[in-house]
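Let me begin by presenting the structure, written as structure tokens, before commenting on it.
The values are calculated or read from the model by the stated rules, or taken from the named source; none is laboratory data. If you're wondering where the values come from, they're calculated on a predicted model, not measured in any experiment. Backbone-built Cβ (ideal geometry, glycine too); neighbour counts: all protein chains shown. Surface accessibility is based on the protein's heavy atoms, side chains included, excluding ligands, DNA and RNA. Shrake-Rupley method; radii C 1.70, N 1.55, O 1.52, S 1.80 Å.
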Amino acid sequence: MAKLEKTIDGVTTELYTPKMIGDLVWETRRRRRMTQKELAELTHVTQADISNIEKAKVNINLQTAKKLAEGLGMQLRISLVPDRTGRQKKD
């Protein structure tokens, strides 16, 4: 799967599009020989929602991403990196 990155002020962040997430869920589920129904039962995400995620028809929130990751035996990692410009943001 190709990486998609965005750089702002010298800080590069890896991004995932709905298609990339859908492909990752589909590929991992298939490698684990798991049906959408089985993944739905493990995660409490409906089979219809899993189908729509795999087809990149929807964006998913972090809670759903975490449920799917755990159901697929994976971890969801989110990285926040410090502002490397040396500037502090004011409230």
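Determine the pairs where a residue that is under 16 Å from Glu70 (Cβ atoms), located within the stretch 19-42, has a partner that is among the acidic types (Asp, Glu) and in a helix (DSSP H, G or I) with Cβ atoms under 6 Å apart, the partner being 6 or more residues away or on another chain.
Sorted first by the residue in the stretch 19-42, then by its partner, the pairs are Val25/Glu54.
Mind checking which residues of the stretch 18-74 are assigned to a loop (DSSP other than H, G, I, E, B) and either open to solvent by 90 Å² or more (accessible area, probe 1.4 Å) or of a type in the set (S, T, N, Q) (or both)?
Result: Arg32, Arg33, Thr35, His44, Thr46, Lys55, Lys57, Asn59, Asn61.
So in the stretch 5-17, with the set limited to residues that are open to solvent by 70 Å² or more (accessible area, probe 1.4 Å) and within 18 Å of Ile60 (Cα to Cα), which one is modelled with the highest pLDDT?
The extreme case among them is Tyr16.
Could you count how many residues in the stretch 29-62 are over 16 Å from Pro18 (Cβ atoms) and of a type in the set (S, T, N, Q)?
The total comes to 5.
If you take the residues of the stretch 53-91 that are over 14 Å from the mean Cα position of the chain (by Cα) and among the polar types (S, T, N, Q), which of them is modelled with the highest pLDDT?
Of everything passing the filter in the stretch 53-91, Thr85 is modelled with the highest pLDDT.
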